[in-house]
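Okay, structure first, notes after.
The values are calculated or read from the model by the stated rules, or taken from the named source; none is laboratory data. The structure displayed is predicted, hence computed values, not measured ones. Backbone-built Cβ (ideal geometry, glycine too); neighbour counts: all protein chains shown. Accessible surface is based on the protein model in full, side chains and every heavy atom, while ligands, DNA and RNA are left aside. Shrake-Rupley method; radii C 1.70, N 1.55, O 1.52, S 1.80 Å.
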Amino acid sequence: ADYPERVGKWCLDTFGVGIATNRQERALRILEEAMELAQVEENDMAMCFHLALRVWSRPKGDPGQEVSGVGVTLLAYCAAADIDFERELELEILRIERPEIQEAIRKKQHEKRLAGVSAVKESV
């Protein structure tokens, strides 16, 4: 399966170009998912906040290298947690492709914008 192409198409179909191609928004959604994973593993908010302060105190990195770092770190987590990444990815893509889930995700994106936790400030 060509996951990048498949997810890219899903993102465009779900959100439209304005949200699907907004790199700040996409990065925030990665951060959101990473924080949810940290929460699942009982990391407390104070540690996450401390980590955020450390990250923002250092120089910015290169997007390509940071993406590869996210990928390698996610695969390392999967190895430690005995999670089959490709299986879980396929199951999640199948889930989000369901029309009712796609609509629920659109609604959540709108709610994030209204709550001020989206890089997209207006309806697109």
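Is at least one residue of region 86-102 assigned to a helix (DSSP H, G or I), of a type in the set (D, E, K, R), free of Cβ contacts under 8 Å to residues at least 40 places away in the same chain and open to solvent by less than 50 Å² (accessible area, probe 1.4 Å)? No, because not a single residue in region 86-102 is assigned to a helix (DSSP H, G or I), of a type in the set (D, E, K, R), free of Cβ contacts under 8 Å to residues at least 40 places away in the same chain and open to solvent by less than 50 Å² (accessible area, probe 1.4 Å). Return the residues of region 61-76 that are open to solvent by 60 Å² or more (accessible area, probe 1.4 Å) and within 15 Å of Leu31 (Cβ to Cβ); say none if nothing qualifies. Scanning region 61-76 gives Pro63, Glu66, Val67, Val70, Thr73, Leu74. So, Ile30, is that one assigned to a helix (DSSP H, G or I) and either open to solvent by less than 60 Å² (accessible area, probe 1.4 Å) or small (Gly, Ala, Ser) (or both) or not? It is false that Ile30 is assigned to a helix (DSSP H, G or I) and either open to solvent by less than 60 Å² (accessible area, probe 1.4 Å) or small (Gly, Ala, Ser) (or both). Taking residues in region 11-27 that are within 18 Å of Pro63 (Cα to Cα), and partners anywhere that are part of a helix (DSSP H, G or I) and among the hydroxyl-bearing types (Ser, Thr, Tyr), the pairs with Cβ atoms closer than 9 Å and at least 6 places apart or on different chains are Ala20/Thr14. Taken together, the residues in region 103-124 that are of a type in the set (A, V, I, L, M, F, W, C), surrounded by 10 or more Cβ atoms within 10 Å (Cβ to Cβ) and closer than 17 Å to Arg26 by Cα amount to 5.
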